[in-house]
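Worksheet: the structure to be examined is printed underneath.
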Amino acid sequence: MSEPYEVMPEGEKHAATDYITRLLTGLLLALIVLIASACPAKAAESWAAQWVDGYETGFCWTRNPCEYIPPVQIPYPEDGQSDGYVAGLKRGLEDGRHEL
């Protein structure tokens, strides 16, 4: 039985099973590729998401525990400003100061 499946009689039990297996494997591979391409990379975060991360870190810098961070309006980046994390960190440090 060294003949390829295409020339085997249709009555062979394993021919249908192998066809279904190849079909399901192809669909699974296509699904994996689709999911992987839909997930954004960490490096491609938006400026606003970086700003929020920086603000949270700055606001909670001297507060232990930091149970509440008040909501704030995220500013638009100024001309030439590309790092949202640093901008958010500076603003969070200013807003998070409290007198000891």
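Here, each number is a calculation from the coordinates, and none is a lab measurement. Please read all numbers here as calculations on a predicted model, not as lab measurements. Cβ atoms come from the backbone with ideal geometry, glycine included; neighbour counts cover every protein chain shown.
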Which of the peptides 77-87, 22-32 is most tightly packed, and how do the rest follow, going by the mean number of other Cβ atoms within 10 Å of each residue?
77-87, 22-32
Take the Cβ-Cβ distance between Tyr76 and Glu56 as r, set R0 to 22 Å, and report the resulting FRET efficiency rounded to the nearest 0.05.
0.70
For segment 42-96, taking Cα atoms only, what is the radius of gyration to one decimal and the Dmax to the nearest whole Å?
11.2, 35
